[in-house]
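Report on the following structure.
The values are calculated or read from the model by the stated rules, or taken from the named source; none is laboratory data. Computed from a predicted model, the values in this text were never measured in an experiment. No Cβ is skipped: glycine too gets one built from the backbone with ideal geometry, and neighbour counts run over all protein chains shown.
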Amino acid sequence: MNTPTLGTPCFPSPLKGTVDDAIRIPERIEVGADPGYLFELAGPRAQLFFDPAQTRAGIVTCGGLCPGLNNVIRSIFLELHHGYGVKEVLGFRGGYQGLDPARGAEPVVMSCDFVDDIHQEGGTVLGTSRGPVDTGVAVDNLIRRGVNILFTLGGDGTQLGGNALFQEARRRGHPLAVVGIPKTVDNDVAYVSRTFGYYTAVEEAAKILKCAHTESHSVLNGIALVKLMGRHAGFIAGGATVASQDVNFCLIPEVPFALDGERGFLAALQRRVVARGHAVIVVAEGAGQDLIESRGEGRDASGNARLKDIGLFLRERIEAHFKAVQIPAMLRYFDPNYIIRSVPADAEDSMLCDLFARHAAHAAMAGKTGLVVGMLHDRFIHVPIELLTQQKKCVDPDGPAWRAVLAATGQAERYV
């Protein structure tokens, strides 16, 4: 699968160890299986589309926070500055609104001093926001500033917005390379084995689960209920459960569950508390949405449907259940989502951030555009934005990751 390009590269690259543009990585590698899509292998090319000495790049971070954003910003700048000798790199502030001069602050001109220690902090030094920008206004601004490359760090909405910017710039005849780096702690991006920040979030969530386990152990019939991130996929909930080994029930969006009845979740929880005197429950924020009466939550600024609060709903139902069956119980509720996404990246994610960033820089300098850097089979690839946004990656209820959760918790495969 070829990604869009701005034209024929004609400038020699200063880098060694370049990659042949014809190499492809199959979507599936099982023997005898249909290979599926064949993706371009990411990496530095021998020929560049942009003359580094005349190139100006921009970076923008959008959407919610994620561990490692500052690491990616830093590594993009350092690769462009030291590796390619790019003329200038601008940091657009406050998400996509920073591309609109009437709404955003003046972009920062990056330097080695500016990025020196930003990787030691969580969040994003450039700031972020949700919601789109007027494409025409943004492209006007990019053209006026002479920006040739734009790196977009964000989720599906961000990458679709980046693709719209590329298409508008192409319509106007302005060569703008737009290269996305997928950002989500939920780890739910298709064609990406692991998104940066995921393991850091799991590590922080596991620390919370240790505290929750202590709380549940310390009182009679203690129940700890922990809500973790995961709008459509339960990767953080499942990963933290396996990392912790102290969780008794893990509820995720991919596995529907019933609350009532002999085979329902509440009956199983009651049996656990009576038998062992405590229980720890993890629920992903997108789980059990069908159980809660709709209250017209609407959509957020990014266009995502607002989720109903499964954590508070479960807390009420659990407390009501144990009161009804006259079993004394003490429930502790934890909602650490803003904590686990705002911390600095750990060592493993820091290395992953660096690789995503450098491969994005290589793609952009070669004139690749309308793409997101992905990762399959431990190889980095170029994924066209339009393909990436057509689907999300989810936990397979029949796969090894969920089997590990079931083994760690001892819970039933289904509560029906």
Positions within the range 199-224 being surrounded by fewer than 24 Cβ atoms within 10 Å (Cβ to Cβ), in contact with a helix residue (DSSP H, G or I) (Cβ under 6 Å, 6 or more places away or on another chain) and over 10 Å from residue 240 (Cβ atoms), in sequence order: 199, 221, 222
Helices (runs of 4 or more DSSP H) wholly inside the range 265-341 containing at least 3 residues that are modelled with pLDDT of 95 or more: 265-276, 310-324
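Yes or no, residue by residue, for (1) without any contact (Cβ under 8 Å) to a residue 24 or more places away in the chain; (2) in the same structural domain as residue 359 (by TED's automatic domain parsing); (3) closer than 21 Å to residue 241 by Cβ:
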site	(1), (2), (3)
381	no, no, no
384	no, no, no
387	no, no, no
391	no, no, no
403	yes, no, yes
414	no, no, yes
Considering residues of the range 49-71 that are out of contact with any Phe, Trp or Tyr (no Cβ under 6 Å at 6 or more places or on another chain) and β-branched (Val, Ile, Thr) only, the residue nearest to residue 165 (Cα to Cα): 61
Top-ranked residue in the range 98-119 [being surrounded by fewer than 23 Cβ atoms within 10 Å (Cβ to Cβ) and outside any loop (DSSP other than H, G, I, E, B); ranked as nearest to the chain's Cα centre (by Cα)]: 119
Enumerate the pairs (first residue in the range 273-293 and under 26 Å from residue 218 (Cβ atoms); second residue anywhere and surrounded by fewer than 16 Cβ atoms within 10 Å (Cβ to Cβ)) with beta-carbon separation below 6 Å, excluding pairs fewer than 6 apart on the same chain, so at least 6 apart or on different chains. 278/217
How many residues are free of Cβ contacts under 8 Å to residues at least 40 places away in the same chain and surrounded by fewer than 21 Cβ atoms within 10 Å (Cβ to Cβ) when one looks only at the range 133-153? 7
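The rows are residues; the columns are (1) of a type outside the set (Lys, Arg); (2) at pLDDT 95 or above; (3) at positive phi.
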{"residue": "4", "(1), (2), (3)": "yes, no, no"}
{"residue": "16", "(1), (2), (3)": "no, no, no"}
{"residue": "19", "(1), (2), (3)": "yes, yes, no"}
{"residue": "40", "(1), (2), (3)": "yes, yes, no"}
{"residue": "43", "(1), (2), (3)": "yes, yes, yes"}
{"residue": "50", "(1), (2), (3)": "yes, yes, no"}
{"residue": "53", "(1), (2), (3)": "yes, yes, no"}
{"residue": "70", "(1), (2), (3)": "yes, yes, no"}
